[in-house]
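Below: one structure, written as structure tokens.
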Amino acid sequence: MLTMNYTYRINPTIEQQELMLVWMETCRRLYNKCLRDLKDWLNSRKCSLHSCSLSREYIMSPDILFPSYLEQKRQLTQWKKTNPWLKEVHSQVTQDCVKRLHNTWERFKSKKFGFPRFKKFGRYQSFLFPQFKESPIKNGLIKLPKIGQVEINLHRPIPEGFMVKGVRIVSRVRGAVWYAVVTIQCDVKVPDPLPFGRGIGIDIGLESYLVTSDNFRVEPARFFRDLQSRLKVLQRKASRKNKRSKNWGKAQLKVAKLHHQISNARKNFHFQTSHTLCDQADMIFVEDINFKMTARGFLGKEMLDAGFGQFRDLLSWVCWKRGKYFAQVDHKYTSQICPKCNAHTGKKELKERQHICLECNYSTTRDHASAEVILNRGLENIVPTDCRERKLSVESVLPGIAISR
């Protein structure tokens, strides 16, 4: 079963926007209520049988079952009788809200994320219609239960053979921009791409956004840095407004729009760069760096502005979509090993940008040598055919995407 998500821009009316914002607030309150019941049950069972806390205890009957997804889904019917505001939201949307909490709980138990937290006002920004009997998109409109017909910008059609299985409504820019994430499925099995053809290694950095083993360079595009002064002015103006006033809301909206513009420009740059790399190779190898750790250093702002983690995820998706082989290799000592003779050249300071091997006299830039080492590591466990049939020009440079001011 092949499942994909297509994101479309929607243009709801003012009444529909107000209704969807009310739905999101209702889902937020329901999410917090389910989390409160879960935490109370856990706290009541935290104390051992032969001792009690010196401060206080959560007293709860031992007959009360664990508030699992099925248990809270069953209780949802009773809650709607005592809380009429829950009936205003579509039943499947509220059920998915409960499921959303327990998905977070399961990820916490698998030690991938932290304990679920309460969501404050404005932090619940999407809700999901999990299933449809037939396609809700017709003639440039999408039909949403209890909301009605909403205009949708169908900039790319849904492929033939795919069925619409779900629609997630997403709010951005403080409720001023709306998207519909359409989940489509097709009853077909797509195998993972196999290693074949020509491969390249990619070394990422801040001086050059990336350098490949063919010495193809991509200039860094500093989206946040270029608009930081403009953002600073807007945030200063917003801080001088009376909180919760109309002028304060307008100022906050301008700040949110600029952040949204920066995010979209960065993501567009990542997609374009990924497709450019896929045009030049059949196998792509990158480093398995933990970017969350590197973003905590003194270059944290530059690392977050570059968005290396998002770029690696999008590159992996684009490679799978276009049938290119993608793999991650060990990132250790890539700048200390000669790609020609595998000699250890020693640790280099950050200001040293040249690779010079005293064993084989091979000389090149430091980033280029690291990219070649990454390629060699990626080719160790595979046997590609005609691995270096085509190369990019050494002088090729891909410029960054500029943001209109």
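As a test of understanding, state the convex hull volume per residue of the range 154-193 from its alpha carbons, in Å³.
Values: hull volume 4.6 nm³, N = 40.
It comes to 116 Å³ per residue, whole-number rounded.
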All aspartates and glutamates inside 18 Å of residue 99 as judged from Cα atoms, apart from same-chain residues fewer than 8 positions distant:
25, 37, 71
Kindly express, to the nearest 10 degrees and within the range 0 to 90, the angle between helix 246-280's C-alpha long axis and the longest C-alpha principal axis of the chain.
40
Here the alpha-carbon Rg of the range 199-398 over 2.2 N^0.38 Å rounds to 1.22
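Please compute one quarter of the surface area of the Cα convex hull for the range 257-326 and express it in square nanometres. Could the numbers behind the result be given before it?
Working: hull surface 20.5 nm².
For the Cα atoms of the range 257-326, the hull's average projected area reads 5.1 nm².
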Too long for a 28 Å Cα-Cα cut-off, among 73/243; 39/257; 73/146; 301/348; 119/301; 112/351, are 73/243; 39/257; 112/351
With an 8 Å Cα cut-off and a minimum separation of 6 or more residues, compute the relative contact order for the chain in percent.
19
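Need the full-extension length gain, residue 230 to residue 42, defined as separation in residues times 0.36 nm minus the C-alpha distance. One decimal, nm. Mind showing how you got there, number by number?
Numbers: separation 188, 0.36 × 188 = 67.68 nm, distance 4.74 nm.
Result: 62.9 nm gained on full extension.
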Going residue by residue through the range 332-341, the Karplus relation 6.51 cos²θ - 1.76 cosθ + 1.60 with θ = phi - 60° gives ³J(HN,Hα) values, rounded to whole Hz and with x marking Gly or Pro, of 6, 6, 6, 9, 10, 10, 7, x, 8, 10
Within 10 Å of each residue's Cβ, count the other Cβ atoms and sort 105, 248 from fewest upward.
248, 105
Divide by every residue of the chain the summed helix terms, -39500 (n - 2.57) for each DSSP H run of at least 4, and state the resulting mean residue ellipticity at 222 nm, rounded to the nearest 500 deg cm²/dmol.
-12500 deg cm²/dmol
Distance in nm between pseudo-label sites at residue 85 and residue 380 (7 Å out along the Cβ direction from Cα):
5.9
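For the chain, what proportion of DSSP beta bridges, expressed in % and rounded to the nearest 5, is antiparallel? All intermediate terms of the calculation are to be shown ahead of the outcome.
Working: 40 of 50 bridges.
Around 80 percent of the beta bridges assigned by DSSP in the chain are antiparallel ones.
To two decimal places, what compactness ratio does the chain give when its Cα radius of gyration is scaled by 2.2 N^0.38 Å?
Values: Rg = 26.2 Å, N = 405, 2.2 N^0.38 = 21.5 Å.
This ratio for the chain stands at 1.21.
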Label point distance in nm, residue 261-residue 293, each placed 7 Å from Cα along Cα→Cβ:
3.8
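Given Cα positions, please report Rg to Rh for the range 1-42, the hydrodynamic radius being the Kirkwood one.
Numbers: Rg = 16.3 Å, Rh = 13.3 Å.
Rg/Rh: 1.22.
Any read-out appearing in this document is the output of simple, stated calculations on the displayed coordinates, not a laboratory observation. Quantities reported herein were computed from a predicted structural model and do not represent experimental measurements. Backbone-built Cβ (ideal geometry, glycine too); neighbour counts: all protein chains shown.
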